[in-house]
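Structure record follows, encoded as structure tokens.
The values are calculated or read from the model by the stated rules, or taken from the named source; none is laboratory data. Keep in mind the model is a prediction, meaning the values are calculated, not measured. As a convention, Cβ positions derive from the backbone with ideal geometry for all residues, glycine included, and neighbour counts pool all protein chains shown. Keep in mind that these areas ignore ligands, DNA and RNA; they rest on the heavy atoms of the full protein, side chains included. Shrake-Rupley method; radii C 1.70, N 1.55, O 1.52, S 1.80 Å.
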Amino acid sequence: MAQLQKVTLDDPWSYEGVRAAEELERREMDPRGPVDIKTRGGQKQTRPRAADRARARTARAFDPELPITIRLLGAVGATDLMVDELRDRALREGDPMARSCTDALEEMGIFRVGRPDGVPRQRIEYPPAYPVAVLASAKRESLSAALLWAIMRQESAYQRAARSKAGAMGLLQLLPSTASRLNGSPVAETALTDPDLNVRLGARYLRGLIAEFGDPRAAMAAYNAGEEAVRRWLRDRPVVDDLWVELIPYRETRDYVKQVYTIWRRYEALYGVPSADQL
């Protein structure tokens, strides 16, 4: 117990810190309240349970009307200039329109722009990007929306036009061949920049990986390294646990699993979306 406490104290948002906190929560399961974990200052950091997180959604503040200059730029089709103005106002100290400009940028698919005094820092760092597409796909495939956001952040940094060297496209970085197989009909490369299609097919792919491999960490590994690699690793070591993660022979994949897992838990803590127990 003391060693687990030390790990959560040293680096609470590393993979090891998150897993130690989860193990503490499992051991100290108490329906009367959350688990308290000591921090360096001797104070307590409360890690809410899934039921509490589900009630802890962040409230969206009332957005005043955007500045007239920005609306005029949009009306005449000067999109690039409008985006530049939105960025400038979103980052301008003391600007009462900063929050509205951040929200407008997010509606355009541009994330992580804003001032911490106008928008919570965690919201900027971990935005609920493309919520309609993500929440609909999560519900359709019985997935955690937090997990989809975590993969999206790691794969494309929320950029819907992202393209990898291997030719993977869009928010969840799908190859056209994989997308076509999942769709049951050909999918053009350019179509994968559409958030709704990309997230829908990416969620379907992820659900299939979880159905095959069981543990979400193995599914994350397969998302990065491919199914065949994970099948080989599972033949050598069939139980997926923290040691299994440490023994992943590809450093890139090992780091990917740890990073996605940690980001997943960040999103859960911020937005109260379903936890691993509900996968």
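List of remarks:
- Checking the range 238-249 against the condition returns no match, with no residue being of a type in the set (A, V, I, L, M, F, W, C), closer than 20 Å to ALA157 by Cβ, under 21 Å from the mean Cα position of the chain (by Cα) and open to solvent by less than 30 Å² (accessible area, probe 1.4 Å).
- Pair list, Cβ under 6 Å, 6 or more apart: the range 243-256 residue within 18 Å of ILE151 (Cα to Cα), other residue in a helix (DSSP H, G or I) and open to solvent by less than 10 Å² (accessible area, probe 1.4 Å): VAL245/VAL257; THR253/ALA221
- Taking residues in the range 123-140 that are closer than 13 Å to TYR271 by Cα and open to solvent by 30 Å² or more (accessible area, probe 1.4 Å), and partners anywhere that are in a helix (DSSP H, G or I) and not aromatic (Phe, Trp, Tyr), the pairs with Cβ atoms closer than 6 Å and at least 6 places apart or on different chains are LEU135/ALA145.
- Look at (1) part of a helix (DSSP H, G or I); (2) modelled with pLDDT of 85 or more; (3) open to solvent by 10 Å² or more (accessible area, probe 1.4 Å) and you find that LEU105 fails only one, number (3).
- Selection from the range 96-122 of residues that are over 20 Å from GLY74 (Cα atoms) and either among the aliphatic types (A, V, I, L, M) or free of Cβ contacts under 8 Å to residues at least 24 places away in the same chain (or both): PRO116, VAL119, ARG121
- Residue that is nearest to the chain's Cα centre (by Cα) [pool: residues in the range 209-237 that are under 18 Å from LEU148 (Cα atoms) and open to solvent by 30 Å² or more (accessible area, probe 1.4 Å)]: ASN224
- Count - residues of the range 186-207 that are in contact (Cβ under 8 Å) with a residue 60 or more places away in the chain, over 16 Å from SER156 (Cα atoms) and among the small types (Gly, Ala, Ser): 0
- When residues of the range 177-208 are limited to those that are under 17 Å from GLY226 (Cα atoms) and within 20 Å of the chain's Cα centre (by Cα), the one surrounded by the most Cβ atoms within 10 Å (Cβ to Cβ): GLY202
- Where helices (runs of 4 or more DSSP H) sit wholly within the range 1-102, those with at least 1 residues that are more than 30 Å from VAL257 (Cα to Cα), at pLDDT 75 or above and open to solvent by 60 Å² or more (accessible area, probe 1.4 Å) occupy 68-75, 79-91.
- Filter result (part of a helix (DSSP H, G or I), open to solvent by 20 Å² or more (accessible area, probe 1.4 Å) and touching a Gly at 6+ places or on another chain (Cβ under 9 Å)) within the range 142-176: GLU155, PRO176
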